[in-house]
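The values are calculated or read from the model by the stated rules, or taken from the named source; none is laboratory data. Since we're looking at a predicted model, the values are computed, not measured. FYI the Cβ positions are ideal-geometry reconstructions off the backbone, even for glycines, and counts take in every protein chain you see.
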């Protein structure tokens, strides 16, 4: 099985990112910048494709790389990761240990702990389902390319950095995989380290109107039937984040959905 990394990057002017990320496999770099250019070249014995496009949106960026990928196992990376030595062999080994898996979710280390993001630490192999998938982000994912292609899955274009809704594209991606009955597992192995290179472009704290409205829109996209219940459980479960304003947090999430659907209806007229 051949591992290929798909990197969502911004404003790269050279190829130094390959060294910075400790790339040890084939890689496609989606570089959103101020030019349009495609480069193909060999680097340290690996094939590299740089897609430099003048556009915005992390979902669009990941899809540009996904549609051009040809590896057996794909890793979705951001440009602030540094991979562990031997990560391709580790990923292949874990898939061989779980031959029925379509996707495996790994741990990330952090160079500097980000207190704004409560990243879940995986301690054992578990199956991922509807009750626990929201805790994982795209940079922890390894997935069989054929499983994604066979099920017609891609990243949502309206969620994630550079879009109207600044987070959640990875949650929707995993939800779509679950909806297609793909088999997803966790593994306690560490895939990469999150480097202390920049502040988040979207995360300004949990207790703010924009975050809460986007959270409501995320839940609506995940389940049109149960989104209100998911909003309610979020407001209760994470009440400390929301300064114990459970009702206010819930109402703001619901308001976000109403505003989103109001915009959609007005655009259609």
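Remarks
- Filtered residues of the stretch 69-97 (kept if over 18 Å from residue 1 (Cα atoms) and without any contact (Cβ under 8 Å) to a residue 60 or more places away in the chain): none
- Some residue of the stretch 29-47 being in a loop (DSSP other than H, G, I, E, B), modelled with pLDDT of 95 or more and surrounded by 15 or more Cβ atoms within 10 Å (Cβ to Cβ): yes
- Every listed requirement among (1) assigned to a helix (DSSP H, G or I); (2) modelled with pLDDT under 95 is met by residue 201 save one, (1).
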